[in-house]
Amino acid sequence: MALAALPFMLAAGRLADTFGARLVPIGLVAFALAATLPGLARSVGALVAALAVVGAATGTLDIAINAQASRLEALHRIRVMDGLHAAFSGGVLVGGIGAGLLRRAGGHPSWILAGVAFVIAVTAVSNRGPAAPPETAPRRARPGRPLLVVGAVLALAFVVESGLESWSALFLERTLASGPAVSGLGPGLFAGAMATGRLLAQNVERSSIAGRMLFAGVAAAGGLALAATTHHAGIALIGFVIAGGGLALSAPTLFGVAGRLGGEGGRGAALSTVAILGYLGFVAGPALIGAVSGASSLRGGFLFLCAVAVLLAACAPVLRRVTEETGG
């Protein structure tokens with residue numbers, strides 16, 4: 001899904017700059033239709049194809065929503081990016097837990113996905129109106145190097161995030177000898193901490209970009225170090241919560257910077273550049289920790305993620321210089 005999303009993210013950036021708010025309901029309708037396809041698959045090949053279509057739809061919708069959020073922030077001098085990403089994290093939790101409960105109650109996957117598609121379609125209807133006047137300012141040239149820097153920092157954050165999401169349960173089960181009930185709490189508490197951190201960030205005064213990223217990296221590194229060195233599952237879970245609370249700031253902060261760097265008429269293209277680089281880190285994260293863990297141990301893999309988080313924190317001064325030089 002992530003690989004299929006990448007080329008569509010690139011195209012969606014240009015479309016977002018052309019169609020503005022109208023791309024959001026279009027993307028939601030496409031996503032609703034795509035969401036029904038995996039439940040109809042009757043072979044592995046058909047499932048792979050269906051998931052690729054879902055990935056393309058999510059990639060398009062991801063850019064459309066973030067571009068519109070950045071546009072609203074600029075036009076109305078409001079803050080929505082942290083809350084927007086908190087809703088995403090909340091959706092991950094609701095989707096995972098809800099689908100599991102419905103499957104346990106006997107619900108067929110195709111019916112569950114059809115219900116999700118209906119909810120998405122309703123959301124598309126609620127977003128069909130013009131959310132903001134069209135941008136009339138001339139297109140602003142996108143600063144190439146600053147966007148690459150922001151994208152590289154996002155890739156580091158996503159390496160840590162995806163590594164934790166994919167391997168925290170196995171770490172608890174294989175390294176700390178936890179049962180399935182405890183090991184399943186790893187990714188759940190991590191996602192919950194990210195949702196909570198973003199909600200809190202939405203409701204407090206925004207600090208500097210460098211300060212937010214420094215906090216994200218230091219908290220993630222501290223939480224991972226705690227988890228990687230402990231012999232008790234409870235302490236490891238606390239480490240995952242600390243790491244999630246810190247990493248919660250990364251994506252909304254960096255997407256916000258990308259939108260401001262793109263400026264009037266170029267937000268979508270700027271966001272797509274940063275998002276593609278970030279998603280490459282998201283795809284690479286689980287494979288990287290798997291390779292390090294295979295060469296050493298799962299503790300070694302989590303210490304590797306801790307080192308990446310330290311590097312993320314070290315990028316804070318670089319981001320400060322980039323935003324000061326470009327006015328982002």
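The values are calculated or read from the model by the stated rules, or taken from the named source; none is laboratory data. From a predicted model like this one, the values you see are computed outputs, not experimental measurements. All Cβ positions, even for glycine, are placed from backbone atoms using ideal geometry, and neighbour counts span all protein chains on display. Accessible surface is based on the protein model in full, side chains and every heavy atom, while ligands, DNA and RNA are left aside. Shrake-Rupley method; radii C 1.70, N 1.55, O 1.52, S 1.80 Å.
Against the criterion of being among the basic types (K, R) and either touching a residue at least 60 places away in the same chain (Cβ under 8 Å) or over 21 Å from V257 (Cβ atoms) (or both), R77 does not qualify.
Kindly provide the set of residues from segment 77-127 that are part of a loop (DSSP other than H, G, I, E, B) and farther than 22 Å from N66 by Cβ, ordered by number.
Start the filter on segment 77-127 by keeping residues that are part of a loop (DSSP other than H, G, I, E, B), which leaves 77-80, 105-108, 127.
The answer is A105, G106, G107, H108.
Taken over segment 54-67, the criterion of being touching a Gly at 6+ places or on another chain (Cβ under 9 Å) and open to solvent by less than 20 Å² (accessible area, probe 1.4 Å) is satisfied by A57, L61, I63, A64, N66, A67. Does segment 187-204 include one or more residues that are among the aromatic types (F, W, Y) and over 17 Å from T253 (Cα atoms)? There is at least one residue in segment 187-204 that is among the aromatic types (F, W, Y) and over 17 Å from T253 (Cα atoms). Taking every residue in segment 170-183 that is closer than 17 Å to G290 by Cα and without any contact (Cβ under 8 Å) to a residue 60 or more places away in the chain and pairing it with any residue that is assigned to a helix (DSSP H, G or I) and open to solvent by 90 Å² or more (accessible area, probe 1.4 Å), at least 6 positions away or on another chain, the pairs with Cβ-Cβ distances below 8 Å are E173/P180. Answer yes or no as to whether A287 is without any contact (Cβ under 8 Å) to a residue 60 or more places away in the chain, under 25 Å from D62 (Cα atoms) and either small (G, A, S) or assigned to a loop (DSSP other than H, G, I, E, B) (or both). Criteria met by A287.
Please tell me if L40 is at pLDDT below 95, closer than 14 Å to G265 by Cα and either open to solvent by 10 Å² or more (accessible area, probe 1.4 Å) or more than 22 Å from the chain's Cα centre (by Cα) (or both). Explain how you work it out, then say what you get.
Values: at pLDDT below 95: yes; closer than 14 Å to G265 by Cα: no; either open to solvent by 10 Å² or more (accessible area, probe 1.4 Å) or more than 22 Å from the chain's Cα centre (by Cα) (or both): yes.
Against the criterion (at pLDDT below 95, closer than 14 Å to G265 by Cα and either open to solvent by 10 Å² or more (accessible area, probe 1.4 Å) or more than 22 Å from the chain's Cα centre (by Cα) (or both)), L40 does not qualify.
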